[in-house]
Every structure is written in C-alpha cells, then in structure tokens.
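Here's the structure, in structure tokens; my notes come after.
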Amino acid sequence: MASRDVQMAQDPPSPETEPKYGGFTRFEIELEFVQSLANPFYLNHLASLKLLNDPAFIAYLAYLQYWSRPPYIKYLNYPGPTLKHLELLQEERFRQDIISPELVQALVTEGVKASVEWHKDE
C-alpha cells in the first residue's frame with residue numbers, strides 16, 4: 001500500500017510563492033491596516049460600522065498586537081499613535097467611546113500637539 005504522507009518542504013516558501021490577496025501579501029495588508037489605526041477619524045468610522053462590537057474583529061485587533069514587538073515595529077511609519085490606539089482598542093470602554101466626535105477631536109488635538117512638540121527640537 002502506498003504511503004499517503006505528504007512531504008513537507010525544509011525551507012520556508014519564497015516571497016514569490018507566498019499567497020497574494022489582490023496582489024498584496026498578508027504582511028502588506030496587515031501593515032496598511034494597522035497603520036490606519038493611527039487615524040482617529042478612521043477609528044470613529046470603524047465604530048460607526050459597528051465593527052468594534054464584533055467579537056471576531058476584536059479578536060483580530062488582539063492578534064495585531066504583534067506589531068508592537070520587533071522585528072515588526074520597525075515597519076510602522078507612525079509607531080507612537082498606531083500602537084497607542086491599538087492598545088486602547090483592546091479596552092471595551094474605548095471601543096464604545098470612540099463613536100463620540102469629542103473623543104475623536106481630543107485624539108486629533110493630542111496628535112497635533114505631539115507633532116508640534118517633536119518638531120520644536122529641530
């Protein structure tokens with residue numbers, strides 16, 4: 001009787017054979033999405049779509065926390081606000097409150113102040 005065991009490759013798949021979704025790798029898609037979390041208006045949009053109440057989406061946000069560790073963090077353009085918002089999104093209260101235009105504006109103001117302070121030293 002012939003063996004039905006599948007032989008596994010010893011080497012990881014090359015980037016050329018990595019599955020693509022709409023022409024992009026999973027890494028590229030997740031990087032673009034996690035970076036979009038730096039935008040308070042986008043967080044408000046997610047809340048308006050009720051995605052922040054969906055247990056599957058909440059689990060996905062928890063999964064994305066790997067971006068806060070090396071070697072992934074080096075790929076983030078705006079690691080400060082991106083990771084801060086990703087961390088806040090782990091809290092149920094924040095996911096409920098981000099629908100508020102006042103909270104969105106407070107986050108925008110905070111981001112502008114941080115940018116101004118950072119550029120003062122130049």
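Mind running the shape call on region 17-78? Use the C-alpha gyration tensor, a ≥ b ≥ c as the square roots of the eigenvalues: rounded below 1.5 for a/c, prolate if a/b tops b/c, oblate otherwise. Because a/c hits 1.5 or more and a/b exceeds b/c, region 17-78 counts as prolate. Once you reduce region 17-35 and region 65-108 to the center of their Cα atoms, the two points are 20 Å from each other. Given the pairs Lys74/Lys113; Lys20/Lys113; Lys50/Lys120, which span a C-alpha to C-alpha distance of over 31 angstrom in this model? In this structure, Lys20/Lys113; Lys50/Lys120 lie more than 31 Å apart at Cα.
For Val112 and Lys20, what is the calculated FRET efficiency with R₀ set at 22 Å and r taken between the beta-carbons, to the nearest 0.05? Present the calculation step by step, with values, prior to reporting the outcome.
Details: r = 37 Å, r/R0 = 1.69.
With a Förster radius of 22 Å, E is 0.05.
The Rg/Rh ratio for region 51-122 is 1.03, where Rg is the radius of gyration of the alpha carbons and Rh is the Kirkwood radius.
None of the figures in this text is laboratory data; all of them are computed from the coordinates on show. Worth saying up front: this structure is predicted, and the values here are computed from it rather than measured. Methodologically, a virtual Cβ is constructed for each residue, glycine included, from the backbone with ideal geometry; neighbour enumeration extends over all protein chains shown.
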